[in-house]
Structure formats: C-alpha cells, structure tokens
Amino acid sequence: MSANGIAAVAESYQKFNPRAYLQNNYMPPRANFASEEFAVPWKLRCLADAFATGEICGRTLIDIGTGPTIYQLLSACDYFEEIVATDYLEVNRAEIKNWLLGEDSSCFDWSPYIQYTCKIEGNGEPWKEKEQKLKKKLRRILPIDVHQAKPLGSSLSQPADALVSAFCLEAVSPDRPSFDRALRNVTTLLKPGGHFLMIGALDESFYLAGEAKLSVVPVSEADVKESFAKSGYRTRSFRSYVMPPSLKIGVDDVQGIFFIHAQKTA
C-alpha cells in the first residue's frame, strides 16, 4: 500500500462533520431503544455482555478512534480506573471535550444511551451516576494516527489493560493490508493477555458525514477473524448483526455490524 492511499483518506476526513455523522447513525431510526432488532441497542448489548463477564478490567482502557461518540465506553467505566479517548480529528476530540464539560447546550444528548445501558446492566444504577463516573474516568483525549507504528507517539507510558474501538480501522484504511497494519499498530498499545473489543462495519464501502463521503474497506466476518489471528489474538467471542432494510437509510451501504472480543496471546 502506497502512502498516497492513506494520505487520500486523511484528506477526505478534513470535511468530516461530527454532527451530521451523529444524526445519521445515532438518532432514530438506528437509535431506537424499543428492541435489540435496532442497531444501537444491539451494540450496547454486545458491550454490556462482554464487560459483565468481569474478565475485562484493570487500570487503563484506551478507545481507538473515539470519534464524536461515548456510548462504547458506558459499560467499560465500571471496570477501569482510567479511560483514554483518542481520535485523529480535532473536531471529534472537541465534541468529546464539550460533552465532558457539559457547557454546550447544542452538544449531542447521550442520556437515552446511558439510561438504556443502566437498564440492560440491571444493577439499579441511576443513570446520572453512570454519566458522572464516565466523565470522571475519561481523563485524557489524545490525538492518534493508527497508520503510524506508534499510534499515540510518546504519550503512553505503559500498555493498556484493554482496548475498545468502534467503526474506526475499516473506515480509515484504503485496503485490507493497511487495515491489517493498522490493527498491528494499535496492538502495540495493549499488554500481553489484554482484551480488545471491536465493533465495526461488515461489507461497507462508503458512508456520509455531511459533505464528506468517506471510503471504507469492505470486510467480512472471516476477514475480521483472520486479521485478529494474524495480529496475535485469540477470538473469545464473535457476534454479527444484519442491517435490516428499514435501517438502510442511504447514508452508507453497510450490510451488517460485527462485534469481536479478542485476547492478545503474547
């Protein structure tokens, strides 16, 4: 893969509009909490179930390519002392900072997500307490470039106990080899035996975020499992979701979603 392909991806993201992306993917119809037949509740259930095993815990969790979203961290915040958000784009890091500070009234409202997560976790935790816990533990929001051998540069003193990532690597890689390389690069941030939870798109070639039309490398379930195996992981669980026709709303051509829980073997 030439550097030109990765440079073209970086260029295309300069037009990325976080608010448009949130509107397309994190509002109805995809964010309908009536049933896990809808995409968003399905993702929250995958994460809640993985963390409920109690195995994925420790000092630090790093979210690879946080984007403008925090839902992927809601179940995690009970199991780590510190959560580190990361994103390539300043506009996405600003979106997370705005949510943390709670001073911007136009900020995306994550309260239905927090309420739903508390409900499915079944611990009787008041949602406001969950929100404050996450805000307290989300201590750093760092720039990241997954195409670099050291994605976080020198800002990480020791490897993380766990990684999460949602819709990042396939969306910033021009082809399968660069997807595999990006996975290997971020794997250097994880300690041996550490856990990686990834949610991503199946068989998607593009998505829209405002004026930006972003290319995605299409991956299948088999591709994802193979990439993780090649990067030194053992797959602990794998789930997939088929995007129903009612949720194909023209903002992408995604066919489904995958969820993988993998453990770094060495």
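Select from the range 32-53 the residues that are in contact (Cβ under 8 Å) with a residue 12 or more places away in the chain and more than 16 Å from the chain's Cα centre (by Cα) and write down the one among them that is farthest from Val254 (Cα to Cα).
So the residue we want is Ala52.
Based on this model, can you work out whether Glu211 counts as acidic (Asp, Glu) and at pLDDT below 95?
So Glu211 passes the test.
Can you pull out every residue in the range 167-176 that is open to solvent by 10 Å² or more (accessible area, probe 1.4 Å) and touching a strand residue (DSSP E or B) at 6+ places or on another chain (Cβ under 8 Å)?
Phe167, Cys168, Pro174
List the pairs whose first member sits in the range 248-262 and is on the phi < 0 side of the Ramachandran plot, whose second member is in a loop (DSSP other than H, G, I, E, B) and polar (S, T, N, Q), and whose Cβ atoms are under 6 Å apart, counting only residues at least 6 apart or on separate chains?
Here the result reads Asp253/Ser205, each pair linking the range 248-262 to a residue that is in a loop (DSSP other than H, G, I, E, B) and polar (S, T, N, Q).
Could you check the range 1-112 for helices (runs of 4 or more DSSP H) lying wholly inside it with 1 or more residues that are in contact with a strand residue (DSSP E or B) (Cβ under 6 Å, 6 or more places away or on another chain) and not small (Gly, Ala, Ser)?
Per the criteria, 18-26, 39-52, 90-101.
Given Ser178, Ser205, Ser227, Ser220, which one is under 28 Å from Cys77 (Cα atoms) and polar (S, T, N, Q)?
Ser227 is the lone residue from the list that is under 28 Å from Cys77 (Cα atoms) and polar (S, T, N, Q).
Tell me, please, whether a residue that is surrounded by 23 or more Cβ atoms within 10 Å (Cβ to Cβ) and among the acidic types (Asp, Glu) can be found in the range 85-106.
Yes; the residues of the range 85-106 include at least one that is surrounded by 23 or more Cβ atoms within 10 Å (Cβ to Cβ) and among the acidic types (Asp, Glu).
Testing Ser155 on (1) within 15 Å of the chain's Cα centre (by Cα); (2) free of Cβ contacts under 8 Å to residues at least 40 places away in the same chain; (3) open to solvent by 30 Å² or more (accessible area, probe 1.4 Å), one condition comes back false. Which one is that?
Only one criterion is unmet by Ser155, namely (1).
Condition first: touching a Lys or Arg at 6+ places or on another chain (Cβ under 9 Å) and within 15 Å of Gly256 (Cβ to Cβ). Now tell me which residues in the range 25-60 satisfy that.
Those that are touching a Lys or Arg at 6+ places or on another chain (Cβ under 9 Å) and within 15 Å of Gly256 (Cβ to Cβ): Glu36, Phe38, Ala39, Val40, Trp42, Cys46.
Out of all the residues in the range 116-132, which are without any contact (Cβ under 8 Å) to a residue 24 or more places away in the chain and not acidic (Asp, Glu)?
Within the range 116-132, Cys118, Lys119, Gly122, Asn123, Gly124, Pro126, Trp127, Lys128, Gln132 qualify.
Filter the range 227-266 down to residues that are acidic (Asp, Glu) and touching a helix residue (DSSP H, G or I) at 6+ places or on another chain (Cβ under 7 Å), then give me how many there are.
0
Can you give me the number of residues within the range 107-130 that are of a type in the set (Phe, Trp, Tyr), farther than 30 Å from Asp145 by Cβ and open to solvent by less than 40 Å² (accessible area, probe 1.4 Å)?
Final tally of qualifying residues: 1.
Having 2 or more residues that are buried (at least 23 other Cβ atoms within 10 Å of the Cβ) and of a type in the set (A, V, I, L, M) is the bar; report the strands (runs of 3 or more DSSP E) wholly within the range 177-236 that clear it.
190-202
The values are calculated or read from the model by the stated rules, or taken from the named source; none is laboratory data. Only a predicted model underlies this, so the values are computations on that prediction, with no experimental measurement involved. All Cβ positions, glycine included, derive from the backbone under ideal geometry; neighbour counts span all protein chains shown. These area figures cover heavy atoms from the full protein model, side chains too; ligands, DNA and RNA do not enter into them. Shrake-Rupley method; radii C 1.70, N 1.55, O 1.52, S 1.80 Å.
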